[in-house]
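Engineer: Quick one: the structure is below, and I'll ask about it shortly.
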Amino acid sequence: MSRHRRPLPLVALLALGGCVVGPVGNPHPPEPAKAVELSRYIGRYYEYARYDSGFERGCEGVTAEYAVLPDGLVSVLNTCHAGAVDGPLKLAKGRAKPTGDPLHAKYKVSFFGPFFLGDYWVLDHADDYSWSIVGEGSGRFLWILTRAPHPSQDEAAALVGRVKAMGYDMSLLRLTRQGGG
C-alpha cells in the first residue's frame, strides 16, 4: 500500500516550531522582567517584528489573539496572511498552559494536542499592556507585539531598543507589514 505525503498545514508547522533549528539570536535570553496579569494580557496583539522562522516565513498582517478558557487554559489564535498583507489568510489555533512560574509569565503552547509543546515567555510588557515582548529559553524565537497595528515611531524605536538591551541580535529582527496604512 503506497502512502502519499501531504505538506504539513500551518498549524502543524507552528506546533513543530520549537523543533525547528534556526539561528540563535540571543545565547542568554533573559527571564521575564515582571508579572503578567492574564486578565489584562488577553485580547488581540499585532506582530510588529519577529525573528523569522520556517513556520512563519512569508507571513504578513500577523495577529495573535488570546482568551481564557473555562478550564483555565488560554486559547491562542494566530493569523497570518501568506505572502502579503492581503494574501490568503491562514489560521493556527492552540492552547497555552501556565508553567507555574511565580510571575505567571511562562507558558507551554501547543497547536495540536499535548505532544508538541513550545515555550512562550512574556519577557516584558507595558504597564498598560499596550505592547509585549515574547521569547523563550533557546534564544531562537522573538516577537514584538503591539495592540495597535502601527505603533508610533517613538514606540517602535523604544521597543527595538528594549530588545537590543536584552541582548538580542538586531540583524535577525524582521519587521512585519500590517494592512491599513
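Engineer: Measuring from label point to label point, each 7 Å out along Cα→Cβ, what is the R162 to R174 span in nm?
Structural biologist: Output for this residue pair reads 2.3 nm.
Engineer: What share of all Cα pairs of the stretch 58-111, in percent, falls into each consecutive 5 Å distance bin?
Structural biologist: 5, 20, 21, 20, 13, 11, 8, 2, 0
Engineer: Defining a contact as two alpha carbons under 8 Å apart and six or more residues distant in sequence, what relative contact order in percent does the stretch 36-164 show?
Structural biologist: On the way: 248 pairs, mean separation 28.9, N = 129.
So the answer I get is 22 percent.
Engineer: Can you list the aspartates and glutamates whose alpha carbon sits under 12 Å from that of K90, skipping same-chain ones fewer than 8 residues off?
Structural biologist: Cα-Cα hits under 12 Å: E56, E60.
Engineer: So which of K97/K164; K34/K108; K34/K106; K34/K164 end up more than 20 Å apart by C-alpha? Spell out each step's value before the answer.
Structural biologist: Numbers: K97/K164 28 Å; K34/K108 18 Å; K34/K106 11 Å; K34/K164 18 Å.
In this structure, K97/K164 lie more than 20 Å apart at Cα.
Engineer: How about the stretch 96-181: which chymotrypsin sites (Phe, Trp or Tyr not before Pro) there are in a DSSP loop, with at most 11 other Cβ atoms within 10 Å of their Cβ?
Structural biologist: In loop regions of the stretch 96-181 (DSSP not H, G, I, E or B), the sparsely surrounded chymotrypsin sites (Phe, Trp or Tyr not before Pro) are F115.
Engineer: Nearest 20 debye, what's the magnitude of the dipole of the stretch 42-132 about its Cα centre given +1 on Lys and Arg Cβ and -1 on Asp and Glu Cβ? The partial results should precede the final answer.
Structural biologist: Numbers: 9 positive and 12 negative charges, 82 e Å.
Dipole about the Cα centre, nearest 20: 400 debye.
Engineer: Calculated from DSSP H runs of 4 or more alone, at -39500 (n - 2.57) each and per residue, what is the 222 nm mean residue ellipticity of the chain, nearest 500? Write down the numbers at each step before the final one.
Structural biologist: Values: 3 runs with 23 residues, N = 181.
Taking each H run of at least 4 residues, the total per residue is -3500 deg cm²/dmol.
Engineer: A further question follows. Bin by bin, in steps of 5 Å, what percent of the Cα pairs in the chain do you find, going until the bin that has the longest distance?
Structural biologist: 1, 8, 17, 22, 22, 17, 8, 3, 1, 1, 0, 0, 0
Any read-out appearing in this document is the output of simple, stated calculations on the displayed coordinates, not a laboratory observation. Model, not experiment: these values are computed from the prediction. Positions of Cβ are generated from backbone atoms using ideal geometry, with glycine treated the same way; all protein chains shown enter the neighbour counts.
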